[in-house]
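The values are calculated or read from the model by the stated rules, or taken from the named source; none is laboratory data. Please read all numbers here as calculations on a predicted model, not as lab measurements. Counting neighbours? That spans all protein chains shown, and the Cβs are built from the backbone with ideal geometry, glycine included. When the accessible area is computed, the model is the full protein with side chains, heavy atoms only, and any ligands, DNA or RNA have been set aside. Shrake-Rupley method; radii C 1.70, N 1.55, O 1.52, S 1.80 Å.
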Amino acid sequence: MPLSTQSQADDEQYALVASMDNARNLSNILKAITFKDHAIFSATPNGLKVTVEDSKCLQANAFIQAEIFQEFTIKEDLVGFQVNLTVLLDCLNIFGGSTVPGASTALRMCYRGYGYPLTLFLEEGGVVTVCKINTQEPEEPIDFEFCSNNVTNKVILLSESLKEAFSELDMTSEVLQITMSPSQPYFRLSTFGNSGNAHYDYPKDSEMMELFRCTKTQTNSYKMSLLKPSTKALALSCKVSVRTDVRGFLSLQYLVRNDDGQICFVEYYCCPDEEVEEE
């Protein structure tokens with residue numbers, strides 16, 4: 001990869017250097033969380049976490065493990081900055097996001113530290129483009145306090161079945177109601193839109209259900225406008241984990257395979273629209 005021939009002396013000045021042979025592996029996963037302009041980047045030796053939030057009700061996180069990158073060098077335990085995600089995606093696709101077999105854009109992403117821009121070196125077909133994107137001091141992401149100890153219900157589904165449900169449910173509904181229960185209907189999605197009420201049920205022994213672990217009956221509603229951005233992640237994913245905690249907060253974890261077959265994760269947290277209803 002020509003970009004890797006940059007002098008090692010240049011690298012000394014950077015707090016973070018991350019390179020990959022195919023920039024699409026980064027841009028695709030970032031598209032799955034693009035619903036606001038700004039994103040918080042947090043880099044640790046384990047990899048990169050990118051966070052986008054909306055009005056303290058919705059948070060999306062993309063996790064890109066260090067192994068996904070061909071090179072991932074970090075000088076500190078934590079390197080953080082905020083950047084305009086729309087601008088970053090425009091830069092990553094500067095060569096048109098080629099889908100031609102064998103053609104890919106190589107990426108080298110460098111960040112020097114507080115006050116410095118995020119510098120991208122993009123190379124395709126021997127042409128190198130350098131983009132510098134202004135960064136800001138990162139805001140502290142909201143802590144939704146969603147911990148596994150407080151999870152009451154959890155199912156893991158093949159994404160295909162959830163895509164099918166979303167295509168059949170009435171998206172004019174203001175809310176999506178999710179019922180999870182150890183007894184029937186087990187896992188139900190409900191909408192209340194212009195064309196009436198619609199329910200989509202999953203039997204717990206469905207072949208689309210990889211895991212069913214529900215301890216109590218919970219019915220919660222979530223604003224459809226908040227959930228719609230997560231369908232971008234759903235479209236890319238092969239599996240999805242749906243969890244609710246004792247407060248009715250929702251966690252959607254999407255397992256995404258990139259062009260090279262490597263696994264990344266996208267997680268959405270959403271707060272309930274109403275008080276938890278219990279039977």
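Scanning the range 174-182 turns up at least one residue that is at pLDDT 90 or above, open to solvent by 30 Å² or more (accessible area, probe 1.4 Å), over 24 Å from Leu226 (Cα atoms) and assigned to a loop (DSSP other than H, G, I, E, B). For the range 132-142, the criterion of being under 20 Å from the mean Cα position of the chain (by Cα) and free of Cβ contacts under 8 Å to residues at least 40 places away in the same chain is met by at least one residue. Just name the residue that is modelled with the highest pLDDT out of those in the range 210-236 that are of a type in the set (Gly, Ala, Ser) and surrounded by fewer than 17 Cβ atoms within 10 Å (Cβ to Cβ). Taking the candidates together, the pick is Ala235. When you scan the range 58-67, do you find a residue that is of a type in the set (Asp, Glu) and not in a helix (DSSP H, G or I), even just one? The answer is no; no qualifying residue exists. Considering (1) crowded, with 19+ Cβ neighbours inside 10 Å; (2) at negative phi; (3) over 15 Å from the mean Cα position of the chain (by Cα), the lone condition that Gly248 does not fulfil carries the number (2). Any residue at all in the range 262-272 that's polar (S, T, N, Q), open to solvent by 20 Å² or more (accessible area, probe 1.4 Å) and closer than 30 Å to Gly47 by Cα? Yes, because at least one residue in the range 262-272 is polar (S, T, N, Q), open to solvent by 20 Å² or more (accessible area, probe 1.4 Å) and closer than 30 Å to Gly47 by Cα. Is there any pair linking a residue in the range 176-190 that is without any contact (Cβ under 8 Å) to a residue 60 or more places away in the chain to one that is of a type in the set (A, V, I, L, M) and in a loop (DSSP other than H, G, I, E, B), with Cβ under 9 Å and at least six apart or on different chains, and which? Close Cβ pairs satisfying both conditions: Leu176/Leu169; Leu189/Leu169; Ser190/Leu169.
Scanning the range 122-152 for residues that are part of a loop (DSSP other than H, G, I, E, B) and surrounded by fewer than 17 Cβ atoms within 10 Å (Cβ to Cβ) yields Gly125, Gly126, Asn134, Glu137, Glu139, Glu140, Pro141, Ile142, Asp143, Glu145, Cys147.
So for the range 153-172 (the condition being in a loop (DSSP other than H, G, I, E, B) and open to solvent by 50 Å² or more (accessible area, probe 1.4 Å)), does at least one residue qualify? So far as the range 153-172 goes, yes, one or more of its residues are in a loop (DSSP other than H, G, I, E, B) and open to solvent by 50 Å² or more (accessible area, probe 1.4 Å). Is one or more of the residues making up the range 29-47 of a type in the set (A, V, I, L, M, F, W, C), out of contact with any Leu (no Cβ under 8 Å at 6 or more places or on another chain) and under 14 Å from Asn258 (Cβ atoms)? Within the range 29-47, none of the residues are of a type in the set (A, V, I, L, M, F, W, C), out of contact with any Leu (no Cβ under 8 Å at 6 or more places or on another chain) and under 14 Å from Asn258 (Cβ atoms).
Residues in the range 54-78 that are crowded, with 20+ Cβ neighbours inside 10 Å and over 10 Å from the mean Cα position of the chain (by Cα): Leu58, Ile68, Phe69, Phe72, Ile74. Applying the criterion of being of a type in the set (S, T, N, Q) and surrounded by 14 or more Cβ atoms within 10 Å (Cβ to Cβ) to the residues of the range 92-113, the residue that is modelled with the lowest pLDDT is Ser98. Against the numbered list (1) surrounded by 19 or more Cβ atoms within 10 Å (Cβ to Cβ); (2) at pLDDT 95 or above, Ser27 comes up short only at (2). Scoring Glu207 on the criteria (1) buried (at least 20 other Cβ atoms within 10 Å of the Cβ); (2) out of contact with any strand residue (DSSP E or B) (no Cβ under 6 Å at 6 or more places or on another chain) leaves a single failure, condition (1). Within the range 251-262, is even one residue under 13 Å from the mean Cα position of the chain (by Cα) and assigned to a helix (DSSP H, G or I)? Looking for residues that are under 13 Å from the mean Cα position of the chain (by Cα) and assigned to a helix (DSSP H, G or I), one finds none in the range 251-262, hence no. For the range 183-204, the set of residues classified as modelled with pLDDT of 90 or more, open to solvent by 40 Å² or more (accessible area, probe 1.4 Å) and among the hydroxyl-bearing types (Ser, Thr, Tyr) consists of Ser183, Tyr186, listed by residue number.
Only a single criterion out of (1) farther than 20 Å from Leu255 by Cα; (2) at pLDDT 90 or above is not satisfied by Val155, namely (1).
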